[in-house]
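The values are calculated or read from the model by the stated rules, or taken from the named source; none is laboratory data. Everything quoted here is computed from the prediction, not taken from an experiment. Neighbour counts run over all protein chains shown; Cβ positions are idealised from the backbone, glycine included.
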Amino acid sequence: MKQDNAIRLSLLGLAMSAVTALAVITTFILKEGVPVIFRYGLGAFLFGTEWKPTAEPPIFGVFAMIAGSFAVTAGALAIGVPVGLGSAIFLSEFAPKKVAIVLKPALELLAGIPSVVFGFMGMLVLLPFIRVHLGGPGASVLGGSAILGIMILPTVISISVDALRSVPRSYREGSFALGATGWQTTWRVTLPAARGGLVAAVILGMGRAVGETMAVIMVTGNTVQIPHSPLSPVRTLTSNIALEMSYASGEHREALFATGVILFVIIMALNTVANTVARLGKRA
């Protein structure tokens, strides 16, 4: 009993250390960023379209960067979700076991590739292709969307495969017994039964795309403007923090922390929605 209690307390301490680290990070970000938001006004900070930290007085508006972040993320989802879900359906429902054993780990290896490598490949291959064949400067919403669409594949595929494989085999057998084909069973039975996990996979992929920094810096152009087309250069929230934190001071530094607060709230909201959807899917 004493040994069990000691192990239980040790594990509790480890769990609490993770929670404590999260609490410290959250407190620090809020302490550094919230004052400047209320000093300039929440509406002006959120919906202002100009970011001029060196002006007199300085102007801090992050709406263009919020729009840029969501434009790039939406494009990434438009590219990554169909490919990711299609791959997951193939791996869990149609692929021979030997093929699935090889393909799934290979696809998950994408998560281990550093984001700077994706950005470098985007600069060398994707941006020149966009510039020559589609026009514009190359570095754009489209460039960022394509790179992020590839980067979110491991998240979407892995979680989707787990969700599909968690559907009881009796569901499929019952469908086959009624004369349904393999695709009819997948479309009418398996996918609806796994919808909670599939939605969670998409939302977590969205969170991954919103939080990406280095690859986005390299392929989006980093211009503070509201994008008017997929070929427009943009700057995202994460890019803004990474590009300016090294030389920022005073209110400028506080405004970058405030940008982090906005990003923190967005990602926490996405994770909360994903967890809620996953729980509702299990109950259904």
Return yes when ILE147 is under 22 Å from VAL72 (Cβ atoms) and in contact with a Phe, Trp or Tyr (Cβ under 6 Å, 6 or more places away or on another chain) and no when it is not.
yes
So, of the residues in region 70-83 that are surrounded by fewer than 18 Cβ atoms within 10 Å (Cβ to Cβ) and touching a Gly at 6+ places or on another chain (Cβ under 9 Å), which turns out to be farthest from ILE226 (Cα to Cα)?
VAL83
Which residue out of ALA278, ALA269, ALA284, ALA248 is modelled with pLDDT under 90, more than 24 Å from GLY122 (Cα to Cα) and crowded, with 19+ Cβ neighbours inside 10 Å?
ALA278
Determine which member of the set ALA194, ALA139, ALA146 is of a type outside the set (Ser, Thr, Tyr), within 21 Å of LYS104 (Cα to Cα) and touching a residue at least 12 places away in the same chain (Cβ under 8 Å).
ALA194
Find the helices (runs of 4 or more DSSP H) located wholly in region 87-147 whose residues include 1 or more that are farther than 24 Å from VAL210 by Cα and hydrophobic (A, V, I, L, M, F, W, C), and list them.
97-108, 127-133
Candidates LEU127, LEU142, LEU148, LEU178, filtered to the one that is surrounded by 15 or more Cβ atoms within 10 Å (Cβ to Cβ) and over 21 Å from the mean Cα position of the chain (by Cα):
LEU127
Taking region 13-66 on its own, how many of its residues are closer than 18 Å to SER249 by Cα, not hydrophobic (A, V, I, L, M, F, W, C) and not in a helix (DSSP H, G or I)?
7
For region 164-191, enumerate the residues that are hydrophobic (A, V, I, L, M, F, W, C) and without any contact (Cβ under 8 Å) to a residue 60 or more places away in the chain.
VAL167, PHE176, ALA177, LEU178, ALA180, TRP183, TRP187, VAL189
Filter region 16-69 down to the residues that are more than 26 Å from PRO227 (Cα to Cα), hydroxyl-bearing (Ser, Thr, Tyr) and at pLDDT 90 or above and list them by number.
THR20, THR27
Listing of helices (runs of 4 or more DSSP H) fully contained in region 177-284 that carry 3 or more residues being closer than 25 Å to PHE118 by Cβ:
195-211, 214-219, 237-244, 251-283
Output the residue which, of all residues in region 84-124 that are touching a residue at least 12 places away in the same chain (Cβ under 8 Å) and small (Gly, Ala, Ser), is surrounded by the fewest Cβ atoms within 10 Å (Cβ to Cβ).
ALA111
Do we have ARG8 as in a helix (DSSP H, G or I), under 30 Å from HIS252 (Cβ atoms) and basic (Lys, Arg) here?
no
